[in-house]
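Okay, structure first, notes after.
The values are calculated or read from the model by the stated rules, or taken from the named source; none is laboratory data. Bear in mind the structure is a predicted one, so any value in this text is a computation, not a measurement. Don't worry about glycine lacking a Cβ; one is built from the backbone with ideal geometry, like all the others, and counts go over all protein chains shown. Side chains are part of the model used for accessible areas, which takes the heavy atoms of the whole protein and leaves out ligands, DNA and RNA. Shrake-Rupley method; radii C 1.70, N 1.55, O 1.52, S 1.80 Å.
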There are 2 protein chains.
Amino acid sequence: MKITPMTQSLVLHFGEMGSRWGLNRTLGQMYALIVLTEAPLNADQISEALQISRSNVSMGLKELKSWNLIKLQHIPGDRKEYFSAPSDIWEIARTLVLERRKRELDPTLSTLRDALMEQATSEADQYAQMRVKQMHDLLEMVTLWTTELQGMSSDKLAALLKLGEGISKLLDVKDKLLLR
Amino acid sequence: MKITPMTQSLVLHFGEMGSRWGLNRTLGQMYALIVLTEAPLNADQISEALQISRSNVSMGLKELKSWNLIKLQHIPGDRKEYFSAPSDIWEIARTLVLERRKRELDPTLSTLRDALMEQATSEADQYAQMRVKQMHDLLEMVTLWTTELQGMSSDKLAALLKLGEGISKLLDVKDKLLLR
DNA sequence: TACAATTTTCACAAATTACTGAAAGTTCGA
DNA sequence: TCGAACTTTCAGTAATTTGTGAAAATTGTA
């Protein structure tokens, strides 16, 4: 499996990015390759294209599956397993957000809630609890938002994001509507 | 510097979280401690509370400074440097978003743009470029949003987040207003 | 059921990242 | 300008994470 210079450089960049996103370098590279390639790929092709061992690919694929980022498919007459990414980039983004929420936000919220349930005796703990409450409320809102995003169609999501700088104004409009 | 069991467990949790956020475990712990403690702390106190070497604290503090997450202050009659976190949790969140954007989004956008400038000859590259375009547009919108957030007051930010499930409806309202 | 094709697991090796103590550097007051 | 108080740097070590090859497990089909 040959790989063009363009894909090559993108793959390398996303490898670096991957490590900042809870995935690791190889995983980032693998996913970049799958996303950028139209045809579904099998493990051997990935292994060859990225010059990593077959077993490493197997582990990476396992991880990618656990993130729900890839689709398994079979090609008639071929026993190998082929993988591809969703064609809708918004779906990928939505999945990424959802999975990170499950892995990071949810456990953190639960820890914060536990801390809030405790009886704060010392003054130090009272202050800590106050901060915990602030963080908790903030993260809960973020959770609410991500939940909301999950239910939105790709079109709507695109529209929302396009709003961009309009969002601030929109908020003002909302206030006026409520005042009416 | 003693540390209550409550702070202790929160510090440990944010240590784990830190590693998922581009910081590392120690950095997460240090910041949690600073955020949860009302009084500004000096390096020795942090070192003692978290049981890590003085030099490690120095490096962590340096990193935290580069993220703009801590404020340096001096206590009259004491030559040590003391550090504290912003009292406004929204400010912390805003800073975090901004810094991550600078470190991750911006370089990625630039790589994507480079790829888009190239002449795609092969069919493979044309497909790749199409996907790159999708990613680029998505990330550019995210950037726009984060920029917008930077300019918003904490109050407004809180209001926006509180909108939660209302956001979808709000979008509909906007469409109606435009149609009018 | 047997067997070839394919995938997964896992113990170890390699690479990367984080931590430490000692030494060097800085700052400030006398 | 000296020296004590404090901070930073850095080379080496420790810990963690990632990658590999060999072997085991699974799958599909003749």
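Just the number, please: buried accessible area between A and B, total of both chains, 1.4 angstrom probe, nearest 100 square angstrom. Write out the running numbers ahead of the final one.
On the way: alone 12440 and 12430 Å², together 18930 Å².
Summing both chains' loss of accessible area gives about 5900 Å².
Short version: which residues of the stretch B:9-24 lose at least 40 Å² of accessible area, all chains versus chain alone, 1.4 Å probe?
In the stretch B:9-24, residues shielded by partner chains: B:L10, B:H13, B:F14, B:M17, B:R20.
Hey, what D do you get for the protein assembly as shown in µm²/s if you plug the Kirkwood alpha-carbon radius into Stokes-Einstein at 10 °C and 1.306 mPa s? Spell out each step's value before the answer.
Details: Rh = 22.9 Å.
Estimated diffusion coefficient is 69 µm²/s.
How would you classify the stretch B:89-166 from its alpha-carbon gyration tensor, with a ≥ b ≥ c the square roots of the eigenvalues: rounded for a/c under 1.5, else prolate if a/b is greater than b/c, otherwise oblate?
Here the stretch B:89-166 falls in the prolate category.
Quick check: from the Cα gyration tensor, does the stretch A:5-84 come out rounded (a/c under 1.5), prolate or oblate? Can you show the working numbers first?
Values: a/c = 1.74, a/b = 1.44, b/c = 1.21.
It comes out prolate by the Cα gyration axes.
Could you provide, to the nearest whole Å², the per residue accessible area of the stretch A:89-165 with probe 1.4 Å?
Value returned for the stretch A:89-165: 49 Å² of accessible area per residue.
Based solely on its DSSP helices, what 222 nm [θ] is calculated for chain A when runs of n ≥ 4 H residues each add -39,500 (n - 2.57) and the sum is averaged over all residues, nearest 500 deg cm²/dmol?
-22500 deg cm²/dmol
How large is the accessible surface of B:R54 in square angstrom, using a 1.4 angstrom probe and rounding to the nearest 10?
Ignoring ligands and nucleic acids, B:R54 comes out at about 110 Å².
Using the structure shown, select from B:K80/B:K102; A:K133/B:K162; A:K162/B:K71; B:K71/B:K162; A:K62/B:K102; A:K65/B:K162 the pairs with a Cα to Cα distance greater than 24 angstrom. Kindly include the intermediate steps, with their values, before the conclusion.
Values: B:K80/B:K102 31 Å; A:K133/B:K162 15 Å; A:K162/B:K71 35 Å; B:K71/B:K162 28 Å; A:K62/B:K102 31 Å; A:K65/B:K162 33 Å.
Among B:K80/B:K102; A:K133/B:K162; A:K162/B:K71; B:K71/B:K162; A:K62/B:K102; A:K65/B:K162, the Cα-Cα distance tops 24 Å for B:K80/B:K102; A:K162/B:K71; B:K71/B:K162; A:K62/B:K102; A:K65/B:K162.
Compute the angle between helix B:166-179 and the longest alpha-carbon principal axis of chain B, please, reported from 0 to 90 degrees and rounded to the nearest 10.
Approximately 40 degrees, to the nearest 10.
Rolling a 1.4 angstrom probe over the protein heavy atoms, how many square angstrom per residue are accessible across the stretch B:1-78?
51
Quick one: dipole size for the stretch B:1-140, taken about the Cα centre, charges +1 on Lys/Arg Cβ and -1 on Asp/Glu Cβ, in debye to the nearest 20.
400
Tally Lys/Arg at +1 and Asp/Glu at -1 over every other residue whose Cβ is under 14 Å from the Cβ of A:E99; what's the total?
+3
Could you name every residue in the stretch B:31-61 that has 10 Å² or more less accessible surface in the full protein assembly than in its own chain alone (probe 1.4 Å, ligands and nucleic acids excluded)?
The answer is B:V35, B:L36, B:E38 - residues whose exposure falls by at least 10 Å² when every protein chain is included.
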